[in-house]
Ligand SMILES: N[C@@H](CCC(=O)N[C@@H](CS)C(=O)NCC(=O)O)C(=O)O
């Protein structure tokens, strides 16, 4: 498998965590989101993903984009190390938490949105802080109700795969973490696990320190 990715692309980072949690090897193909006007917008990349985004997972002659679709694919192909809890209710909550990040936070602070805001002379920072804070507070409330040492239960799931890169983005936008103590604890526990260490932005070959 090949993963088209960028070191601090949060959606790509989610997939890196999922691949690592499942113990799957993959080839890392960097796609620079800024250089040359954004390599994701090039003809070659858009043939793989017409949304002009990463991640894209190449499997044989197939290209799968959208991180959650990739989670589902990996879960179906490699069920031995699951990314979802066994209990159907916890599975639903895990998906719910994932969607809070995937559709409720990240799209509102994505690069294309930031570029558009700047183009309209709007400071993107308070905008991003607003949506990240609201989403993470909701995530935290649901996660607390789920119970357990990770986002939903006592094993890392795809909710954690979504949470960890989003917390990194929250710090980039200098969000006040004083209200997010519960999530910071989950983050700390994840940061001690090898799959999360391996998938971290700073550990990727294209990372800029
Ligand atoms: N829902 C998509 C989001 C993908 C996405 O927004 N990717 C960002 C990087 S995290 C991207 O490629 N942005 C490029 C751009 O905004 O031009 C997923 O989960 O894969």
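The values are calculated or read from the model by the stated rules, or taken from the named source; none is laboratory data. If you're wondering where the values come from, they're calculated on a predicted model, not measured in any experiment. For neighbour counting, all protein chains shown are included, and Cβ atoms are generated from backbone atoms with ideal geometry for every residue, glycine included.
Please determine, by comparing only the residues of the range 28-54 that are part of a helix (DSSP H, G or I) and near the ligand (Cβ under 7 Å from one of its atoms), which one is surrounded by the most Cβ atoms within 10 Å (Cβ to Cβ).
Start the filter on the range 28-54 by keeping residues that are part of a helix (DSSP H, G or I), which leaves 35-37, 39-41, 43-48.
Subsequent filtering for residues that are near the ligand (Cβ under 7 Å from one of its atoms) retains 40-41.
Values: 40: 23, 41: 13.
So, considering only residues that are part of a helix (DSSP H, G or I) and near the ligand (Cβ under 7 Å from one of its atoms), the one surrounded by the most Cβ atoms within 10 Å (Cβ to Cβ) is 40.
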Residue 69 vs (1) crowded, with 16+ Cβ neighbours inside 10 Å; (2) assigned to a helix (DSSP H, G or I); (3) within 11 Å of the ligand (Cβ to nearest atom): all pass except (1)
When (1) within 14 Å of the ligand (Cβ to nearest atom); (2) in a helix (DSSP H, G or I); (3) touching a helix residue (DSSP H, G or I) at 6+ places or on another chain (Cβ under 7 Å) are applied to residue 104, the one that fails is (2)
Taking the range 108-151 and keeping only residues that are out of contact with any helix residue (DSSP H, G or I) (no Cβ under 8 Å at 6 or more places or on another chain) and either closer than 23 Å to residue 41 by Cβ or in a loop (DSSP other than H, G, I, E, B) (or both), one is left with 110, 111, 112, 115, 116, 119, 120, 121, 122, 147, 148
| message | Kindly evaluate residue 19 against the criterion of being in a loop (DSSP other than H, G, I, E, B) and in contact with a helix residue (DSSP H, G or I) (Cβ under 8 Å, 6 or more places away or on another chain). | response | no
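Answer with yes or no whether residue 39 is touching a residue at least 12 places away in the same chain (Cβ under 8 Å) and in contact with a helix residue (DSSP H, G or I) (Cβ under 9 Å, 6 or more places away or on another chain).
Values: touching a residue at least 12 places away in the same chain (Cβ under 8 Å): no; in contact with a helix residue (DSSP H, G or I) (Cβ under 9 Å, 6 or more places away or on another chain): yes.
So residue 39 fails the test.
Do we find that residue 68 is under 18 Å from residue 8 (Cα atoms), within 18 Å of the chain's Cα centre (by Cα), assigned by TED's automatic domain parsing to the domain that holds residue 27 and modelled with pLDDT of 95 or more in this structure? Before you say what the answer is, go through the steps one by one.
Values: under 18 Å from residue 8 (Cα atoms): yes; within 18 Å of the chain's Cα centre (by Cα): yes; assigned by TED's automatic domain parsing to the domain that holds residue 27: yes; modelled with pLDDT of 95 or more: yes.
Answer is yes for this residue.
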The condition of being assigned to a loop (DSSP other than H, G, I, E, B), more than 12 Å from the ligand (Cβ to nearest atom) and not assigned by TED's automatic domain parsing to the domain that holds residue 159 holds, among 25, 75, only for 25
